[in-house]
Amino acid sequence: MGWTTSSSWTLKSLLAERTANQTANGTTRECLAHCFRGMPTRGGNLWTVWKVTGPRGKTSHFIALDVIKYYGRNEGWGYKDMDESVGPNEVNCPLSYLDMVDRLPINDFARQWRKNVRAYHAKRKATFKIKVGQTVKLRGADVPEVTILSLRPLRGTRNGMVFVGFRRFIVIEEAKAA
């Protein structure tokens, strides 16, 4: 389960290849949805929903993840593919994808991963309950708290300095209480 790389891939061509429908030995793999979440210059997560139809017409649906990474000019782009049955650590899969796949997870890894994805989205949703002017506590950041200046983009201030990129440090309980 290593990485596959190619110096000839661009991000666009790699994404097109990884989302292309396939047929082999009477089995068809159809990409129903795909979403790239990351930085176009460094990489990120390519989430896909697949419908697999076997030679006898039996179908199944599952979520796959390609972790995409840029290795530089000489090595180009690469990916590491996995599906929900191996319980990926990444949880930024679109929540709607969980409704597109088979209701019962294939194994305990997939069951726990789906639970983690739902928890991730619940936590993200909770952070959006903050309001402009509200002071929120931060955990693990350079400053203990900031006063929200704007929500989109999220900006905060403390002692006359403006901060961005602190969403992951917001203490959710504090943000909900306000």
Selected residue (criterion: farthest from Lys80 (Cα to Cα)) from residues of the range 9-67 that are of a type in the set (Gly, Ala, Ser) and under 17 Å from the mean Cα position of the chain (by Cα) = Ala33
inquiry  = Restricting to the range 1-48, count the residues that are basic (Lys, Arg), surrounded by 12 or more Cβ atoms within 10 Å (Cβ to Cβ) and not in a strand (DSSP E or B).
reply    = 1
request  = Could you run through the range 58-72 and say how many residues are touching a residue at least 24 places away in the same chain (Cβ under 8 Å) and under 25 Å from Ser8 (Cα atoms)?
outcome  = 7
query = List pairs: first in the range 122-151 and of a type in the set (Phe, Trp, Tyr), second modelled with pLDDT of 80 or more, Cβ under 9 Å, 6+ apart or cross-chain?
reply = Phe128/Leu151
request  = Mind listing whichever residues of the range 21-56 are among the small types (Gly, Ala, Ser) and under 30 Å from Lys115 (Cα atoms)?
outcome  = Ala33, Gly38, Gly43, Gly44, Gly54
request  = Could you pull out every one of the strands (runs of 3 or more DSSP E) wholly within the range 52-160 that has 3 or more residues that are β-branched (Val, Ile, Thr) and buried (at least 18 other Cβ atoms within 10 Å of the Cβ)?
outcome  = 59-70
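Is there a residue being of a type in the set (Lys, Arg) and at pLDDT 90 or above anywhere in the range 79-88?
Yes, the range 79-88 contains a residue that is of a type in the set (Lys, Arg) and at pLDDT 90 or above.
The values are calculated or read from the model by the stated rules, or taken from the named source; none is laboratory data. Keep in mind it's a predicted model, so treat the numbers as computed, not measured. Reconstructed Cβ throughout: ideal geometry from the backbone, glycine too, with neighbour counts over all protein chains shown.
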